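Below is one structure, written out as structure tokens; the observations come after it.
The values are calculated or read from the model by the stated rules, or taken from the named source; none is laboratory data. Just so it is clear, the model here is predicted, and its values are computed rather than measured. Cβ placement follows ideal geometry from the backbone for every residue including glycine, while neighbour counts extend to all protein chains displayed. Just the protein is used for accessible areas: all its heavy atoms, side chains included, with ligands, DNA and RNA removed. Shrake-Rupley method; radii C 1.70, N 1.55, O 1.52, S 1.80 Å.
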Amino acid sequence: MASVNTTATHKFVIVLNEKSPVGKLLSATGQLAMSLHSEATQEQRENMGFIPFLNPLGDNLITVSMCSFVVLKGTSNQLLTLYSTARGQAVLSAIFTSTMSFNGIEEDLILKTANTPLMETEPYGVGLYGPVNELNPLTKKFSVFK
């Protein structure tokens, strides 16, 4: 039987905008996590080490990564800087912004995002995945989201 690896060499980090509405942040967290998995290479997916959690009947209740999943908080400017730095260092990363969030108004969010400079959006969150020793320097200034 597999066990959660407490000595994982890789981790997931989500940094959320401390000023954004909680509902937007919850949505952003899910979207960022799915994006990181979707955009990962085969090698990165193997390092994510997903394992199933089964009930007594053998049904899979959930599949969880052996890597830690850390949620931190920061400001809009910090999130934009983090995303830019991560991309510059070729770290697997994603950003979820106000242009990607449905506000109850019929709108083309893809077109809206494509036509809005990133600096003019409200970033709700940035997601990162990679080796612990690469992510720690990028995220050391952020505090835990409570």
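Against the test of being open to solvent by 40 Å² or more (accessible area, probe 1.4 Å), part of a helix (DSSP H, G or I), in contact with a Ser or Thr (Cβ under 7 Å, 6 or more places away or on another chain) and without any contact (Cβ under 8 Å) to a residue 60 or more places away in the chain, the options ARG87, ARG45 yield a single qualifying residue, ARG87. Within the stretch 90-117, being in a loop (DSSP other than H, G, I, E, B) and over 16 Å from the mean Cα position of the chain (by Cα) holds for PHE102, ASN103, GLY104, ILE105, GLU106, GLU107, ASP108, ASN115, THR116, PRO117. Exactly one residue out of LYS19, LYS11 is surrounded by fewer than 19 Cβ atoms within 10 Å (Cβ to Cβ), touching a residue at least 12 places away in the same chain (Cβ under 8 Å), within 18 Å of TYR83 (Cβ to Cβ) and of a type outside the set (Val, Ile, Thr), and it is LYS19.
Restricting the stretch 46-91 to residues that are β-branched (Val, Ile, Thr) and touching an Asp or Glu at 6+ places or on another chain (Cβ under 8 Å), which is farthest from GLY125 (Cα to Cα)? It would help to see each step written out before you state the result.
So the first thing to find is which residues in the stretch 46-91 are β-branched (Val, Ile, Thr), and the list is 51, 62-64, 70-71, 75, 81, 85, 91.
Of the ones still in play, those that are also touching an Asp or Glu at 6+ places or on another chain (Cβ under 8 Å) are 75, 91.
Details: THR75: 10, VAL91: 16 Å.
Looking at the filtered set, the residue picked out is VAL91.
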